[in-house]
Amino acid sequence: MSSPSDQTRRTIILTALATAVHASAARSAAAEEDAPGSDLRPQKADVLVFAEGDHAGEVIKPQDLTPGGPFVRAWPKDPKTSVIRKGSRLNEVVVVKLDPAELDDDTRARSADGIVAYSVICSHAGCPITAWGKAAQGDKDVLKCVCHNSEFDPRQSAQVVFGPAPRRLAALPLAAADGSLTVIGTFIGKVGAQQGG
Amino acid sequence: MTMKQWLLSSFVASTCLFSITAIAGPIEKYTPVTADRLKNPEPGNWMLYRRTYDGQGYSPLDQINTSNVKDLVPVWTFSTGVIEGHEAPPIVNNGVMFVATPQGQVIALNAKTGDEYWRYKRQLPDDLFQLHPTNRGVGLWQDKLYLATTDDHVVALDAKTGKVLWDTKVQDYKKGQYLTLMPLIVDGKVIVGAAGGEFGVRGYIVAYDANNGKELWRTFTIPGPGEPGHETWSGDDWKTGGGSAWMTGNYDPDTRTIYWGTGNAAPWPGDTHPGDNLYTTSVLALDPDSGKIKTYFQYHQNDSWDWDEVDAPMLIDLHRDGRIFKSLIHPGRNAIFWVLERKPDSIKYVAGWPYVYTDVWKGIEPETGKPIVDPAHKPVIGKRVEFCPSLWGGKDWPSAAYSPKTRLVYIPANENFCGGFTGEKVPLVPGQLWLGTKPEDIGLKVRAGATHFGELQAWDPATGKKVWSHLFPRSHLFGSVTATAGDLIFVGGTNDRMFRAFHAKTGELLWEQKTNSGIMGMPVAYEVDGTQYIAIQSGWGVDAQRIQDALTTNNIGIENNVPQGGVVWVFALKK
């Protein structure tokens with residue numbers, strides 16, 4: 001294997017930085033995890049906030065996202081109570097900004113001008129989606145679970161394009177309103193891994 | 001649908017319904033498992049992980065042998081209904097088979113007919129993160145079974161009905177604690193070891209009372225302040241230093257000593273946890289009554305390669321250098337074939353040599369048995385370091401076997417693989433991966449000019465000579481090996497889905513059968529009503545799949561169509 005490309009290098013540095021900040025955010029927010037509603041799945045009218053990085057906890061605006069990726073990890077937040085719904089890892093999503101022309105019809109309908117959100121939980125064994133990069137088969141960048149190499153195409157309802165995952169990631173429909181991203185419905189599809197037997 | 005088809009279907013349906021009600025149900029005749037039966041198992045049974053406490057993976061059955069193995073045919077199969085890595089040996093006690101599968105499932109079957117008695121399904125939590133979705137088998141004691149789960153519980157089941165008798169939480173799965181091993185049963189104690197080295201846990205081995213699930217002792221594999229060995233750590237590194245213990249130990253009933261292997265230090269780059277890091281990458285000798293550490297041997301210091309040494313060493317009476325002694329034999333993940341001498345209060349280095357190519361070790365200190373590291377191939381923070389073998393090692397967790405008839409050790413080895421990664425300092429977030437590198441940065445590289453990857457090897461531990469080897473030019477080898485008195489070596493482990501039998505003395509391939517999936521589990525031999533059977537689970541996944549994905553990414557033309565989904569296969573001689 002060759003040494004990582006500049007792109008990969010940059011991703012590594014960015015992610016490392018993001019993880020570092022996430023750790024302290026996680027500790028300071030321990031109390032929030034017990035707040036009423038924090039373990040509820042994303043609800044209609046929730047906004048999305050950064051789950052990690054320098055801006056952890058801040059509301060994500062469409063212009064915060066890099067066109068074509070990589071994705072950011074986000075928690076839903078109840079705008080009325082200000083509770084961030086980080087009480088369950090099943091609530092976390094990945095948000096990525098794509099060219100609306102690349103999206104299939106179902107995906108475009110759920111997107112906010114090309115911005116799509118999916119559950120971070122891989123449908124195979126419940127690991128988080130942690131990588132964005134070129135597909136094992138094809139040239140497009142895709143969502144990757146590095147636990148067991150499952151890959152999902154965010155342009156096509158996050159359908160499985162590689163690996164052992166049995167089904168697509170659950171999608172979270174979005175709209176852009178008042179300069180922020182708003183959840184306009186509950187998850188479409190099942191969140192979490194398969195159960196055996 | 002025509003009337004005839006309809007009638008036929010309804011006939012089949014009602015027959016099936018009748019069959020299910022007639023056959024499924026409690027086991028009426030079950031032989032309780034005692035201390036004596038575990039110490040001296042009947043030749044026809046396979047009740048411990050490697051059949052016997054010495055971990056040799058050897059069956060004394062010889063009805064199936066080198067002269068007739070060509071007539072081996074499937075007699076029944078059974079679908080487990082789940083995907084991912086089926087790593088457990090089918091456990092057999094006097095005609096009853098217990099099969100553990102991924103997702104915490106146990107299936108009780110009639111070992112002769114393949115008919116189901118009962119099935120237990122663990123209800124795993126929705127938010128469980130299964131990095132290793134597998135299970136390596138159920139332990140047996142009296143009329144109970146013991147299952148260790150990926151949501152970090154030990155569950156006792158009634159062997160006759162599959163009903164839960166007790167369920168004990170070991171630790172918190174939300175913090176990356178989980179279990180995949182088959183519990184070791186010693187004198188009414190259920191002993192398990194923690195997985196989670198990749199989540200920054202502090203490893204431990206813990207024993208429960210088989211009757212009620214009460215915790216009896218818990219021994220951390222990393223000593224705390226004031227305990228011997230603590231000085232091999234700096235600062236607070238010991239709290240998150242790994243040393244997980246996720247494979248079943250072996251046991252010497254004569255000295256009442258458990259030999260248990262321990263995992264990598266965490267996170268991976270050695271300069272994040274300076275020191276020798278006891279007792280990571282070691283074998284621990286434990287008192288089964290108290291969990292007290294009697295002695296230990298560390299296979300390498302300051303692990304930096306993710307080289308878990310969790311596969312417990314085999315206990316072999318070894319003829320070497322003109323004497324017979326009680327040895328421990330361990331083909332290490334660190335590429336070294338270890339010959340050690342075990343005494344009640346010490347484990348001494350006798351000999352060691354590389355059994356696959358490695359560029360990490362420059363030699364072994366003859367007095368201490370410490371391998372001498374080449375710093376150029378030791379991963380550190382801030383730069384990419386390459387090393388051979390890869391992080392999966394010369395042999396990962398799949399077991400080697402020993403035949404007391406041939407006095408040879410049979411290793412499912414991987415040759416010509418190297419790896420590398422860039423170390424980085426990352427703070428620990430409980431429940432999240434903590435490798436000290438990016439998972440997507442981990443490389444698997446094939447050495448230039450490699451003629452093969454998987455290699456089934458037969459070594460003479462007395463002389464250090466490789467007696468024979470079988471090469472796999474287009475696949476890695478990732479499955480446990482079993483030897484029988486019929487001078488046969490059974491192994492799966494390749495991406496062509498084959499199950500194979502080799503001549504134990506010559507390495508000649510005598511028989512093979514293509515199965516539904518790839519095999520990464522352990523073959524077993526057993527006997528019911530005078531007929532010998534060979535059983536295996538075929539179900540590819542976890543690290544066999546990971547290596548496969550890495551190989552196909554780098555090597556055009558390597559088979560990547562290894563379908564998942566578990567099936568139990570049972571073979572006997574054609575009548």
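The values are calculated or read from the model by the stated rules, or taken from the named source; none is laboratory data. Predicted, not measured: the structure shown is a model, and the values here were computed from it. No Cβ is skipped: glycine too gets one built from the backbone with ideal geometry, and neighbour counts run over all protein chains shown. The accessibility values were calculated without ligands, DNA or RNA, using every heavy atom of the protein model including side chains. Shrake-Rupley method; radii C 1.70, N 1.55, O 1.52, S 1.80 Å.
Taking only pairs six or more apart or across chains, which ones have beta-carbon atoms under 9 Å, a first residue in segment B:79-97 that is within 19 Å of B:ALA544 (Cβ to Cβ), and a second residue that is of a type in the set (Lys, Arg)? Taking only residues 6 or more apart or on different chains, the pairs are B:GLU87/B:ARG136; B:ALA88/B:ARG136; B:PRO89/B:ARG50; B:PRO89/B:ARG51; B:PRO89/B:ARG136.
Considering segment B:128-176, and only residues there that are open to solvent by 30 Å² or more (accessible area, probe 1.4 Å) and among the acidic types (Asp, Glu), the residue that is farthest from A:HIS124 (Cα to Cα) turns out to be B:ASP143.
Residue by residue, here is whether (1) more than 14 Å from chain A (Cβ to nearest Cβ); (2) open to solvent by 20 Å² or more (accessible area, probe 1.4 Å); (3) modelled with pLDDT of 95 or more holds:
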position	(1), (2), (3)
B:ASP441	no, no, no
B:PHE453	yes, no, yes
B:GLN457	yes, no, yes
B:VAL467	yes, yes, yes
B:LEU471	yes, yes, yes
B:PHE478	yes, no, yes
B:THR482	yes, no, yes
B:GLY486	yes, no, yes
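A single member of B:THR134, B:THR180, B:THR168 is of a type in the set (Ser, Thr, Tyr) and in contact with an Asp or Glu (Cβ under 7 Å, 6 or more places away or on another chain), and it is B:THR134. If only residues of segment B:242-261 that are among the aliphatic types (A, V, I, L, M) and part of a loop (DSSP other than H, G, I, E, B) are counted, the one that is surrounded by the fewest Cβ atoms within 10 Å (Cβ to Cβ) is B:MET247.
Can you pull out every residue in segment B:217-241 that is outside any loop (DSSP other than H, G, I, E, B) and either of a type in the set (S, T, N, Q) or touching a residue at least 60 places away in the same chain (Cβ under 8 Å) (or both)? Walk me through it before giving the result.
Residues of segment B:217-241 that are outside any loop (DSSP other than H, G, I, E, B), as a first pass: B:217-220, B:230-232, B:237-240.
B:TRP217, B:ARG218, B:THR219, B:THR232, B:THR240, listed by residue number.
If you scan segment B:547-569, which residues turn out to be surrounded by 20 or more Cβ atoms within 10 Å (Cβ to Cβ) and away from chain A (no Cβ under 13 Å)? Hits for segment B:547-569 are B:VAL568, B:TRP569. Looking across segment A:142-197, the residues that are open to solvent by 10 Å² or more (accessible area, probe 1.4 Å), of a type in the set (Val, Ile, Thr) and within 14 Å of chain B (Cβ to nearest Cβ) come down to A:VAL146, A:VAL160, A:VAL161, A:VAL191. Only one entry of B:ALA572, B:ALA544 meets the criterion of being surrounded by 18 or more Cβ atoms within 10 Å (Cβ to Cβ), touching a residue at least 60 places away in the same chain (Cβ under 8 Å) and touching a strand residue (DSSP E or B) at 6+ places or on another chain (Cβ under 8 Å), and that entry is B:ALA572. Look at (1) open to solvent by 30 Å² or more (accessible area, probe 1.4 Å); (2) on the phi > 0 side of the Ramachandran plot; (3) of a type in the set (Asp, Glu) and you find that B:ASP276 fails only one, number (2).
Of the residues that make up segment A:34-41, is at least one more than 14 Å from chain B (Cβ to nearest Cβ), modelled with pLDDT of 50 or more, in contact with a Leu (Cβ under 7 Å, 6 or more places away or on another chain) and farther than 22 Å from A:GLY133 by Cβ? No, segment A:34-41 contains no residue that is more than 14 Å from chain B (Cβ to nearest Cβ), modelled with pLDDT of 50 or more, in contact with a Leu (Cβ under 7 Å, 6 or more places away or on another chain) and farther than 22 Å from A:GLY133 by Cβ.
Applying the selection to segment B:100-113, what residues are away from every other protein chain (no Cβ under 12 Å) and open to solvent by less than 10 Å² (accessible area, probe 1.4 Å)? Residues satisfying the conditions are B:ALA108, B:LEU109, B:ALA111. Could you check how many residues of segment A:148-187 are more than 18 Å from A:HIS124 (Cα to Cα) and free of Cβ contacts under 8 Å to residues at least 24 places away in the same chain? Count: 2.
When the criteria are applied in full, A:ASP113 meets the requirement of being touching a strand residue (DSSP E or B) at 6+ places or on another chain (Cβ under 9 Å), open to solvent by 50 Å² or more (accessible area, probe 1.4 Å) and away from every other protein chain (no Cβ under 14 Å).
Could you count how many residues in segment B:46-78 are more than 18 Å from B:LEU573 (Cα to Cα) and either touching a residue at least 40 places away in the same chain (Cβ under 8 Å) or over 22 Å from the mean Cα position of the chain (by Cα) (or both)?
From segment B:46-78, those more than 18 Å from B:LEU573 (Cα to Cα) are B:46-58, B:78; that's our starting set.
Keeping just the survivors that are either touching a residue at least 40 places away in the same chain (Cβ under 8 Å) or over 22 Å from the mean Cα position of the chain (by Cα) (or both) gives B:46-51, B:53-58, B:78.
Number satisfying all stated conditions: 13.
Does B:VAL82 qualify as being within 14 Å of chain A (Cβ to nearest Cβ) and assigned to a loop (DSSP other than H, G, I, E, B)? For B:VAL82, the condition - within 14 Å of chain A (Cβ to nearest Cβ) and assigned to a loop (DSSP other than H, G, I, E, B) - is met.
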